[in-house]
1. Residues in region 321-347 that are part of a helix (DSSP H, G or I), touching a helix residue (DSSP H, G or I) at 6+ places or on another chain (Cβ under 7 Å) and open to solvent by 10 Å² or more (accessible area, probe 1.4 Å): how many?
2. Checking the condition open to solvent by 10 Å² or more (accessible area, probe 1.4 Å), touching a residue at least 40 places away in the same chain (Cβ under 8 Å), of a type in the set (K, R) and not in a loop (DSSP other than H, G, I, E, B), which residue from R305, R273, R258 passes?
3. If we scan region 88-111, do we find a residue that is open to solvent by 60 Å² or more (accessible area, probe 1.4 Å), over 21 Å from E215 (Cα atoms) and within 22 Å of the chain's Cα centre (by Cα)?
4. If I ask for residues that are within 16 Å of ligand 1 (Cβ to nearest atom) and either crowded, with 19+ Cβ neighbours inside 10 Å or part of a strand (DSSP E or B) (or both), which ones from region 233-243 would you list?
5. Just to be sure I understand, how many residues within region 14-25 are within 16 Å of ligand 3 (Cβ to nearest atom) and exposed (fewer than 14 other Cβ atoms within 10 Å of the Cβ)?
6. Sort out which residues of region 355-376 are touching a strand residue (DSSP E or B) at 6+ places or on another chain (Cβ under 7 Å), acidic (D, E) and not in a helix (DSSP H, G or I), and write them in order of number.
7. Just the residues that are in a strand (DSSP E or B), open to solvent by less than 40 Å² (accessible area, probe 1.4 Å) and either within 16 Å of H64 (Cα to Cα) or in contact (Cβ under 8 Å) with a residue 60 or more places away in the chain (or both), please, taken from region 112-155.
8. Cβ contacts < 8 Å: first residue under 27 Å from F373 (Cβ atoms), restricted to region 224-245; second residue within 16 Å of ligand 3 (Cβ to nearest atom) and hydroxyl-bearing (S, T, Y), any location; separation 6+ or different chain. Result?
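The values are calculated or read from the model by the stated rules, or taken from the named source; none is laboratory data. Note that the structure is a prediction, hence the values are computed from the model and not measured. Backbone-built Cβ (ideal geometry, glycine too); neighbour counts: all protein chains shown. What goes into the accessible areas is simple: the full protein's heavy atoms, side chains included, and nothing from ligands, DNA or RNA. Shrake-Rupley method; radii C 1.70, N 1.55, O 1.52, S 1.80 Å.
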Amino acid sequence: MTTCRICRGPVREFFDFGSQPLSDAFVAPPATGPEYRYRLAVGACGECGMVQLLEEVPRERMFHAGYPYHSSGSAVMRAHFAAAARRLREAECRRPDPFVVEIGCNDGIMLRTLAADGVRHLGIDPSRGVADLAAAAGVRVRVDFFEQSTALAVRAEEGPADVIFAANTICHIPYLDSVLRGVDALLAPDGVFVFEDPYLGDVLDRSSFDQIYDEHFYLFSATSVRAVAERAGLALVDVERLPVHGGEVRYTLARAGRRQPRPAVAALIGDERRRELTGPAALDRFAANVKHNCAELTTLLHKLRDDGAHVVGYGATAKSATVTNYCGIGPGLLDAVFDSTPAKQGRLTPGVHLPVRPLAEFRDPFPDYAVLFAWNHADEIIANEREFRERGGRWIMYVPEVRVI
Ligand code: SAH
Ligand code: TMP
Ligand code: ZN
């Protein structure tokens, strides 16, 4: 039995994907030598409810100068973060000369709006390649991992933060205790720590098992976030469900006693309790769905291959590493994966080694079928690729279930 990374309680494993490569470790061809692998298994703590991976990958292996994920590749996400920036500014930047810190600012998708508005800010991100893109967009960046020591240094150099924000980053950080001690050190007395990450409730409802991979160390719920916040002397004062990335929650933490929690907090925690979010029935159902979806997807792909159809993947997402490697979807089933990110193009996907090609080649000529690995950007991609369907092409979805559209 593993012990919880947060509270040392007992963690019950509910799915084991076996040995997996790192989800963002795209391989330069020709592939020589073995890739780094780790055991991808996930469990839920019986005490605090935190869903977590059972094995941790060293952070420098995942987040480094060559980290290939560029947040600004999606127009929907650019609009989402421009709106988030404006809202934080209006609601939380009331002091004169407010200071906003973002953990995991990536290419500056959120902070560029505040930078353009002249708000004092600092992005913190250990991946130099994406940090350079943020700097080029006018964002002040510190290339560093956020943890307690980083927070103490920033506090000493720049003073307290009115807002600490993070998106799709806090769930990446196993040393969450150190992060929260850092938040405590850096946050102004009435400041807020706002972060948004994939929501466990949505992952279970949609069987979106590909949200589970090396970088997603935690899958948060309101219950587990409140527990970890309280251990650090912070309070969960607001939750808001977000439609992006297949369903997320934005959590707002404040110092204990400084803000009245909004009714949405008790409502979501009550909902999680009633549905027994991390109870054996829910987790066993999820495990059965994962096996079922994977079998359906591979059966479909084998049939299409035997019929001579031209089938590809769309979106060389980190998520797709779990699907392709766990279900066994390699070059025998898909010809290539198309992706807009220059840092991924010309490389091979981790583990199964599907070639990653630029989007221009998706149209030249259009395939018969495309597995939408970037299903969280479905509306945007299906609209951008309207011509694919007009010419008879079909999308293959596998979340929440396998279907052809
Ligand atoms: N906020 C962006 C980026 C998410 S990708 C978005 O929502 O699209 C996660 C980012 O977190 C990467 O850029 C990675 O380099 C960064 N990261 C990982 N560990 C971190 C840490 N300890 N402190 C700060 N950033 C971290
Ligand atoms: P994400 O699901 O982790 O955000 O990754 C999305 C991936 O899909 C990323 O590699 C960029 C790629 N992508 C496209 O190729 N075309 C698009 O229109 C969008 C939105 C993303
Ligand atoms: Zn726990």
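1. Keep residues of region 321-347 that are part of a helix (DSSP H, G or I), which gives 321-327.
If we keep only those that are touching a helix residue (DSSP H, G or I) at 6+ places or on another chain (Cβ under 7 Å) as well, we get 322-323, 326-327.
This time we only want the ones that are open to solvent by 10 Å² or more (accessible area, probe 1.4 Å), so: 326-327.
Here the count works out to 2.
2. On the way: R305 fails: touching a residue at least 40 places away in the same chain (Cβ under 8 Å); R258 fails: not in a loop (DSSP other than H, G, I, E, B).
Matching residue, one of R305, R273, R258: R273.
3. The initial filter retains those residues of region 88-111 that are open to solvent by 60 Å² or more (accessible area, probe 1.4 Å), namely 89-90, 94-97.
Then drop every residue that is not over 21 Å from E215 (Cα atoms), which leaves 89-90, 94-97.
Those left that are additionally within 22 Å of the chain's Cα centre (by Cα): none.
No: zero hits.
4. Taking region 233-243 first, the residues within 16 Å of ligand 1 (Cβ to nearest atom) are 240, 242-243.
Selection gives E240, L242.
5. Looking only at region 14-25, we keep the residues that are within 16 Å of ligand 3 (Cβ to nearest atom), and these are 14.
Still in the list and also exposed (fewer than 14 other Cβ atoms within 10 Å of the Cβ): none.
Total satisfying the criteria: 0.
6. The one that is touching a strand residue (DSSP E or B) at 6+ places or on another chain (Cβ under 7 Å), acidic (D, E) and not in a helix (DSSP H, G or I): D368.
7. First pass over region 112-155, keeping only residues in a strand (DSSP E or B): 120-124, 141-142.
Cutting the leftovers down to open to solvent by less than 40 Å² (accessible area, probe 1.4 Å) gives us 121-124.
Across region 112-155, the qualifying residues are G123, I124.
8. If the second residue must be within 16 Å of ligand 3 (Cβ to nearest atom) and hydroxyl-bearing (S, T, Y), no pairs are left.
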